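The values are calculated or read from the model by the stated rules, or taken from the named source; none is laboratory data. This is a predicted model, so every value here is computed, not measured. Neighbour counts are summed over all protein chains in view; Cβ atoms, including those assigned to glycine, are modelled from backbone coordinates with ideal geometry.
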Amino acid sequence: MPTLAILGTWRAPEDSALYAFGAAAAEAAAGLGWNVSTGGYSGVMDAGLRGARAGGGQALAHTWTGLDGVLAVSPHASEVRAHARIASRVGSLIGEADACLVLPGRMGTVAELALALECRAKGELARPVMVYGGFWASFFDWLDASNARLEFDTDRSAPVLHRRVDHPADVAAVLRADGA
């Protein structure tokens with residue numbers, strides 16, 4: 001089964017729209033036969049695992065032992081893979097994914113987004129990285145501006161790196177697309 005990595009903040013409360021989006025997107029993915037993996041803790045990560053289980057899919061949590069005792073592992077995980085190093089955790093989370101959905105987050109999410117985009121650019125992700133709403137627009141504006149400042153030519157043959165998704169149905173459409 002293919003795997004969707006859902007990435008984002010641990011700070012999203014269960015009653016937030018962001019949490020609801022993550023859970024609904026994961027449930028839709030599971031309904032299409034996808035497994036879901038996350039960083040394994042609260043917030044967006046918990047939402048993804050909860051939605052995967054609700055949709056009948058596997059819910060894989062990639063945790064980091066450096067957070068043991070600081071954050072509790074989501075009770076919705078069907079499997080937990082603990083990593084001793086954060087780089088191993090992020091590498092496994094992105095590297096084992098067939099697609100990524102990036103919701104709002106902070107430094108850890110930025111690192112995950114950058115790695116996911118690089119994997120997509122190098123052909124390791126078959127589908128574009130999905131980004132939630134307009135949250136990441138300034139990141140992509142910065143990237144475009146920095147490439148322009150370096151006077152790099154745009155590679156017109158490069159794959160589409162990311163797609164904006166505003167609704168869980170958008171996530172399902174990208175996952176259904178053949179080789180998007």
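Being at pLDDT below 90 and either closer than 19 Å to ALA12 by Cα or out of contact with any Asp or Glu (no Cβ under 7 Å at 6 or more places or on another chain) (or both) narrows it down to one residue among SER157, SER78, SER92; which is it?
On inspection, the qualifying residue turns out to be SER157.
Run down ARG81, ARG11 and say which single residue is part of a strand (DSSP E or B) and surrounded by fewer than 17 Cβ atoms within 10 Å (Cβ to Cβ).
ARG81
For every residue, the table says whether it meets (1) hydrophobic (A, V, I, L, M, F, W, C); (2) in contact with a His (Cβ under 8 Å, 6 or more places away or on another chain); (3) farther than 24 Å from VAL160 by Cα; (4) in contact (Cβ under 8 Å) with a residue 12 or more places away in the chain.
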| site | (1), (2), (3), (4) |
| --- | --- |
| ALA23 | yes, no, yes, yes |
| TRP34 | yes, no, no, yes |
| GLY56 | no, no, yes, yes |
| ALA61 | yes, no, yes, yes |
| ILE94 | yes, no, no, yes |
| ASP98 | no, no, no, yes |
| MET130 | yes, yes, no, yes |
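What single numbered condition from (1) part of a helix (DSSP H, G or I); (2) touching a His at 6+ places or on another chain (Cβ under 6 Å); (3) of a type outside the set (A, V, I, L, M) fails to hold for GLU118?
Checking GLU118 against (1) part of a helix (DSSP H, G or I); (2) touching a His at 6+ places or on another chain (Cβ under 6 Å); (3) of a type outside the set (A, V, I, L, M), the one that fails is (2).
In region 95-126, which residue that is over 29 Å from PRO13 (Cβ atoms) and out of contact with any Pro (no Cβ under 8 Å at 6 or more places or on another chain) is surrounded by the most Cβ atoms within 10 Å (Cβ to Cβ)?
LEU125
Conditions: (1) in contact with a helix residue (DSSP H, G or I) (Cβ under 7 Å, 6 or more places away or on another chain); (2) under 24 Å from VAL160 (Cβ atoms); (3) touching a residue at least 40 places away in the same chain (Cβ under 8 Å). ALA111 meets all but one. Number of the miss?
The one condition ALA111 does not meet is (3).
Counting only residues that are under 11 Å from LEU4 (Cβ atoms) and assigned to a loop (DSSP other than H, G, I, E, B), how many does region 20-54 have?
3
Taking the criterion of being over 29 Å from PRO159 (Cβ atoms) and of a type outside the set (A, V, I, L, M), would at least one residue in region 79-100 satisfy it?
yes
Step by step: first the residues of region 63-78, then only those that are in contact with a strand residue (DSSP E or B) (Cβ under 6 Å, 6 or more places away or on another chain) and among the aliphatic types (A, V, I, L, M), then the one that is nearest to SER42 (Cα to Cα). Which residue is that?
If we take residues in region 63-78 being in contact with a strand residue (DSSP E or B) (Cβ under 6 Å, 6 or more places away or on another chain) and among the aliphatic types (A, V, I, L, M), then VAL73 is nearest to SER42 (Cα to Cα).
Quick one: is ASP141 part of a helix (DSSP H, G or I), under 20 Å from SER16 (Cβ atoms) and among the acidic types (Asp, Glu)?
It is false that ASP141 is part of a helix (DSSP H, G or I), under 20 Å from SER16 (Cβ atoms) and among the acidic types (Asp, Glu).
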